[in-house]
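The values are calculated or read from the model by the stated rules, or taken from the named source; none is laboratory data. The model shown is predicted, which means the values in this text are computed figures rather than measured ones. Positions of Cβ are backbone-derived with ideal geometry, glycine not excepted, and every protein chain shown enters the neighbour counts. Ligands, DNA and RNA are stripped out before the accessible areas are found, and what is left, the full protein with its side chains, is counted by its heavy atoms. Shrake-Rupley method; radii C 1.70, N 1.55, O 1.52, S 1.80 Å.
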Amino acid sequence: MKESAKKNLAAKATLALLTIALLVLVAISVFGETIPVNDGAGFDGEFYREVFRDFTGTFFTAGYDSFRIQRIFPFCLMNVVYNLAGIPLDNAHMIVGMYVLLFVNLAFQLFLFFKFAQFLKWKPITTVILFALFFLNFATLKGYGYEPFQTDPYAITIAFASYYLFIKGNKRGAFAVSLLGLVTWPTITYVMALLLLFPHRLGAYATTPPAGKAFLPRLLDTPFPKVFQILPIAYGLVAGALVLLFYAFHKQANLEGLLLTAPSPRNIAISLVLFALISTLFAVCLKIPTLPYPARSYMKAFSPKAFAGVAISIIAVSLLLRMFTNNEFFFDGKLFLLQIVVRPLKYPLISLAGHVVYWGALIPVILALAKGFTRNFAEKSPGHALVLLAFVFFALDSEARHIATFVPLLLPALGKALDDANLTVKPAVYIVILQLVLAHSYITINVSGLAESLESAKFTTRAAQRYLMNYGPWMTYTSFYDWFGTALCVFVGIYEVFKHSKRPQKQ
């Protein structure tokens, strides 16, 4: 048997074992413990359980608030299924239904992942690493089973399916699927819109302008400067200005609501300076490339036909939803953008800690391969370059679940970077083991005192932190230092393993 055939067979056997392990671990999570608040529904989940219970009765009469109506799809679907099947809509039957849906959703994600791997022809080692990064994390192994009434896993699947159709060339199908995002997780729809509005690939417009051109034409034809070196400084200036405005207008209470702790000017200043300085040095040292497209390329790549179709579809669905939206206030989308900017200031580099506790080694692997990853992602099209910037913005938030719908879109660029790294087996073994450890699904959340702490809003107790440390901004100092130290060790370990585990290039 040839060496390559042996490697492919070993990779398939490894992936089969990992798939079995994934299903077993998720089953353990599902049958192990659920959040001890509102009979297993949790906080936000209580609302979505009521959508499950009475969607057909409430939607056409009272309606839902403007924020949560954009996240009801899985639960209205289950309401329709239960009504058609005549299944009782009590708490016990509904939570079983969500567990069944969770496994169906996971099976579809596995199907999509292996279709991705086949279409993109990843190397066996790359496929194993990406499988571990995508599936073997707290979110999948613990979080979704612990809180079954949440939208996240289904939003990931919709984003996954939409992007798979897109890279296969079925753009209409991709956008049609992404429209489900308007009632599941709206970011899905708007990200796909960017890809469709600026679809042309690199090469047609990224040219070096002649020296004789006037200033404005030269500016339009010159690729953007070192974006990833400039962005941390720009973020520091914007975030610093926002904090000053909070203090100038005596809105410290609002700032406390965003940071989830009493604001300290000294701590905020330290966090701001360290974030901007370390991020800039990181981008410079790793020589992360700039975005490859000049401004004129976006003008020429823009598709008016796609814009008309996208705009009409989004407006039509939005107007339809507005008909069933009531005047109740739950959350303002503008505040969501504001909290993304402000939350990284709670502790220095808290975002890195938040991503590692939730996704494991995903972000450290991207950072270790940042040069190749950013190039691979941005060079696909101007639309991809814009999506990359959107991903970087959302990744600022220490509540790492907010990048969930970007994760499937990261796989092709990360897969190519791993393929190009020409790695040996060692990194794959290292990352699989590391992911299983970082997922901490083996740690019991429901310890004594947890329910009482959560119900009385005592979020800083040791019991409450078993749960809340997984959602960055709710971390205490102790939880932050534990996970930040872990995140640094993970990044250094991955960087060194990748550095010393490359196969020698064939002559």
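Computed values, structure above
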| item | result |
| --- | --- |
| Charge dipole of region 1-79 about the Cα centre (unit charges at C-beta), most positive-ward option of F59, L17, G42 | L17 |
| Tensor-based shape of region 265-321 (alpha-carbon gyration tensor, a/c under 1.5 rounded, otherwise prolate or oblate) | oblate |
| Ordering of 24-32, 9-17 by burial proxy (mean other Cβ atoms within 10 Å per residue, highest first) | 24-32, 9-17 |
| Rg/Rg_ref, the chain, where Rg_ref = 2.2 N^0.38 Å and atoms are Cα | 0.99 |
| Debye log10 I(q)/I(0) for region 29-72, one point scatterer per Cα, at q = 0.13, 0.14, 0.15 Å⁻¹ | -0.35, -0.40, -0.45 |
| Per residue Cα convex hull volume in Å³ - calculated over region 290-448 | 189 Å³ |
| Count of Lys pairs (Cα-Cα under 27 Å; at least 8 positions apart or interchain) in region 367-470 | 5 |
| Projected area averaged over orientations for region 106-153, convex hull of C-alpha atoms, nm² | 3.5 nm² |
| Gap separating the Cα centres of region 300-377 and region 26-40, nearest whole Å | 28 Å |
| Residue-averaged [θ]222 nm for the chain, counting only DSSP H segments that reach four residues, each worth -39500 (n - 2.57) | -21000 deg cm²/dmol |
| R0 of 45 Å, Cβ-Cβ distance L245-I20: FRET efficiency to nearest 0.05 | 0.25 |
| Rg [Å, one decimal], Dmax [Å, integer] - region 47-158, C-alpha atoms | 16.6, 54 |
| Hull volume in cubic angstrom per residue (convex hull over the Cα atoms of region 228-346) | 158 Å³ |
| Reachable lysines from K305, criterion Cα separation under 16 angstrom, eight or more residues apart if same chain | K171 |
| Charge tally in the Cβ shell below 14 Å around R401, where Lys, Arg are +1 and Asp, Glu are -1, R401 excluded | -2 |
| Candidate aspartates and glutamates for bridging to K123, where Cα separation is under 20 Å - those fewer than 8 sequence places away on the same chain excluded | E3, D419, D420 |
| Net charge dipole size for region 437-500 [Lys, Arg +1 and Asp, Glu -1 on Cβ; Debye, nearest 20] | 40 debye |
| Solvent exposure ordering (accessible area, 1.4 Å, most first) of E455, E399, E496 | E455, E496, E399 |
| Förster radius 45 Å - calculated FRET efficiency between S303 and A62, Cβ distance, rounded to 0.05 | 0.65 |
| Stokes-Einstein D (µm²/s) once Rh is taken as the Kirkwood radius of region 390-507 over alpha-carbon pairs, at 20 °C in 1.002 mPa s | 126 µm²/s |
| Furthest towards positive pole of dipole, Y82, A361, F331, structure part the chain, Cβ charges | A361 |
| Protection-proxy order for peptides 336-342, 281-287, each taking the mean of Cβ atoms within 10 Å per residue, highest first | 336-342, 281-287 |
| Rg ratio (alpha-carbon, reference 2.2 N^0.38 Å) - region 130-174 | 1.39 |
| 21 Å Cα-Cα reach of K251 towards lysines, excluding residues that sit fewer than 8 places from it in its own chain | K334, K346 |
